[in-house]
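To start, the structure under review is shown below, and the notes come after it.
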2 protein chains.
Amino acid sequence: MRTLTRKGAATRQRILEGAAALIREHGVADTTLDDVLAGTATSKSQLFHYFPGGREELLLAVARLEADRVLEDQRPQLGDLTSWPAWQAWRDKVVDRYRRQGRLCPLNSVTSHLGSRTPGAQAVVTELMRSWQAEIAAGVRHMRDAGEIGPDVDPDRAAAALLAGIQGGVLIQMSTGETTHLEAALDMGLAHLRAGRARPGRVADGL
Amino acid sequence: MRTLTRKGAATRQRILEGAAALIREHGVADTTLDDVLAGTATSKSQLFHYFPGGREELLLAVARLEADRVLEDQRPQLGDLTSWPAWQAWRDKVVDRYRRQGRLCPLNSVTSHLGSRTPGAQAVVTELMRSWQAEIAAGVRHMRDAGEIGPDVDPDRAAAALLAGIQGGVLIQMSTGETTHLEAALDMGLAHLRAGRARPGRVADGL
DNA sequence: GATAAAATGGACCAGCAAGTCCAAAACTTC
DNA sequence: GAAGTTTTGGACTTGCTGGTCCATTTTATC
């Protein structure tokens with residue numbers, strides 16, 4: 001596969017998106033290569049032609065796709081955390097996104113299935129977390145510069161805590177089906193940021 | 001398997017714990033029944049004798065074992081959140097527990113592998129979350145009654161947020177290998193609770 | 001339109017791992 | 001110590017799924 005014709009690229013994309021859709025619906029464990037083939041009207045030789053690494057390579061590609069989608073789904077709010085209403089809008093969007101997604105988290109599903117033998121999967125998640133946190137931290141920094149948050153707040157650490165709350169909320173949602181925890185975590189995180197505005201020194205005293 | 005002799009019970013336990021140990025070390029996907037057999041010096045007929053449901057039943061039993069262990073590992077601190085130093089001690093214990101555990105989270109591994117077709121797995125996690133949150137909430141309630149936390153704080157919601165932070169911190173640790181997020185989430189959660197002490201009305205204003 | 005490269009179809013293979021089965025040994029109980 | 005039950009060993013079956021292979025068709029390029 002030296003080059004890729006337009007047709008070839010289209011086929012590859014069809015396989016990738018079809019696989020992602022199936023995994024979103026049934027989970028990784030219940031999605032075989034034959035399922036993907038049937039669902040995308042392709043043959044086995046095509047799949048292995050475009051993903052020489054076989055299942056593993058395909059799953060990794062799906063993971064990347066889903067990782068990208070996570071941040072995309074938070075735009076444009078995530079990149080514009082410049083006022084309290086904006087933060088609230090972002091919070092609502094996150095909750096809504098995961099409420100729609102339901103119990104299955106494709107990314108977690110894929111990575112936990114690829115497991116530790118595929119370092120690429122961990123890398124995808126790590127990178128997602130890194131940039132996600134960076135964007136939140138940028139928002140915190142902005143608010144801090146605007147005097148809405150105390151100067152003693154560490155933006156990265158605050159963003160890390162917020163991000164952890166989101167992840168945990170989603171994780172819990174995967175078994176309970178409820179977004180209660182996600183909302184509680186986000187609301188507490190935001191309340192804490194807001195509270196830091198008037199009383200410098202308060203935020204860090206638990207560290 | 002009408003009754004279980006002492007010997008039988010011991011064998012069953014040996015299989016269960018051996019399976020749990022293997023899964024802790026290598027993850028679910030890389031642990032076959034034959035691995036368990038080899039690792040516990042048992043034969044296939046024994047495994048299916050004590051776990052008629054086969055792999056699925058065994059995995060579920062392992063999930064229960066691990067779920068129990070999670071709370072046990074936090075004792076006695078978890079049940080005694082009655083002063084700020086006690087909260088801090090609990091926080092340290094949690095961080096330490098997961099730092100020791102490393103990247104693999106057996107419970108998440110098992111449940112995400114059993115997937116949605118086994119409702120029992122979700123139930124185990126849900127139940128764990130429920131009681132975990134209840135114990136944290138009890139601590140919050142205690143502190144509130146002692147006047148250390150404002151009366152307007154909802155203990156269950158605060159506990160939910162804290163729990164989400166923990167879960168997310170651990171989840172992130174699974175890919176990064178660092179406990180940074182876990183610590184940030186816990187510290188922020190505790191700082192927020194502490195901050196609620198002096199200024200009633202503050203905590204809930206983000207809701 | 002000839003040639004080379006890419007795309008496609010689908011039969012085939014191989015291996016693994018879950019699960020079955022039956023006979024033999026050990027234990028319990030009387 | 002005999003009868004019945006539980007426990008154990010391990011060979012065997014079976015189904016599935018990832019992966020290979022090669023012949024054929026389509027597409028690009030000149």
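Here is a yes/no grid of residues against (1) open to solvent by 40 Å² or more (accessible area, probe 1.4 Å); (2) in contact with an Asp or Glu (Cβ under 8 Å, 6 or more places away or on another chain):
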residue	(1), (2)
B:Leu65	yes, yes
B:Leu71	no, yes
B:Ala86	no, yes
B:Arg103	yes, no
B:Ser109	no, no
B:Ala121	no, no
B:Ala134	yes, no
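Are any of the residues in the stretch A:61-70 farther than 30 Å from A:Gly189 by Cα, modelled with pLDDT of 95 or more and either within 16 Å of DNA strand D (Cβ to nearest atom) or of a type outside the set (D, E, K, R) (or both)?
Scanning the stretch A:61-70 turns up at least one residue that is farther than 30 Å from A:Gly189 by Cα, modelled with pLDDT of 95 or more and either within 16 Å of DNA strand D (Cβ to nearest atom) or of a type outside the set (D, E, K, R) (or both).
Which condition number in (1) assigned to a helix (DSSP H, G or I); (2) at pLDDT below 95; (3) open to solvent by less than 20 Å² (accessible area, probe 1.4 Å); (4) of a type outside the set (A, V, I, L, M) is the one that A:Gly150 fails?
(1)
Every residue in the stretch B:89-118 that is free of Cβ contacts under 8 Å to residues at least 12 places away in the same chain, more than 9 Å from chain A (Cβ to nearest Cβ) and among the basic types (Lys, Arg), please.
B:Arg100
Taking A:Val28, is it buried (at least 20 other Cβ atoms within 10 Å of the Cβ) and at pLDDT 95 or above?
Criteria not met by A:Val28.
Kindly state which helices (runs of 4 or more DSSP H) lie completely within the stretch A:1-89 and contain at least 1 residues that are in contact with a Leu (Cβ under 8 Å, 6 or more places away or on another chain) and in the same structural domain as A:Ala134 (by TED's automatic domain parsing).
A:55-72
Cβ-Cβ under 8 Å, sequence separation 6+ or interchain: first residue in the stretch B:44-58 and free of Cβ contacts under 8 Å to residues at least 40 places away in the same chain, partner of a type in the set (S, T, N, Q). Which pairs?
Short answer, once both residue conditions are applied: B:Gln46/B:Thr11.
Somewhere in the stretch B:115-136, is a residue farther than 21 Å from B:Leu71 by Cα and modelled with pLDDT of 95 or more?
The answer is no; no qualifying residue exists.
Which count do you get for residues in the stretch B:74-108 that are under 29 Å from A:Val110 (Cα atoms) and under 12 Å from the mean Cα position of the chain (by Cα)?
Selection size over the stretch B:74-108: 8.
Quick check on this structure: which one of A:Leu47, A:Leu81, A:Leu37 is in contact with a Lys or Arg (Cβ under 8 Å, 6 or more places away or on another chain), buried (at least 16 other Cβ atoms within 10 Å of the Cβ) and at pLDDT 95 or above?
Sole residue among the options that is in contact with a Lys or Arg (Cβ under 8 Å, 6 or more places away or on another chain), buried (at least 16 other Cβ atoms within 10 Å of the Cβ) and at pLDDT 95 or above: A:Leu37.
Suppose we keep only residues that are within 14 Å of chain B (Cβ to nearest Cβ) and touching a Gly at 6+ places or on another chain (Cβ under 6 Å) within the stretch A:23-48. Which one would you say is farthest from DNA strand D (Cβ to nearest atom)?
A:Gly27
Being in contact with a Gly (Cβ under 7 Å, 6 or more places away or on another chain), touching a residue at least 12 places away in the same chain (Cβ under 8 Å) and crowded, with 20+ Cβ neighbours inside 10 Å, is that true of even one residue in the stretch B:154-161?
Within the stretch B:154-161, one or more residues are in contact with a Gly (Cβ under 7 Å, 6 or more places away or on another chain), touching a residue at least 12 places away in the same chain (Cβ under 8 Å) and crowded, with 20+ Cβ neighbours inside 10 Å.
When you scan the stretch B:129-148, do you find a residue that is under 25 Å from B:Ala19 (Cβ atoms) and not aliphatic (A, V, I, L, M), even just one?
Yes.
Does A:Arg117 satisfy the criteria of being more than 16 Å from DNA strand D (Cβ to nearest atom) and open to solvent by 60 Å² or more (accessible area, probe 1.4 Å)?
Taking the combined requirement at face value, the residue does not satisfy it.
The values are calculated or read from the model by the stated rules, or taken from the named source; none is laboratory data. Every value quoted in this text rests on a predicted model; they were computed, and no experiment measured them. In this analysis, Cβ positions are derived from the backbone assuming ideal geometry, glycine residues included, and neighbour counts consider all displayed protein chains. For the accessible areas, the whole protein counts, side chains as well, though only heavy atoms, and no ligand, DNA or RNA atoms are used. Shrake-Rupley method; radii C 1.70, N 1.55, O 1.52, S 1.80 Å.
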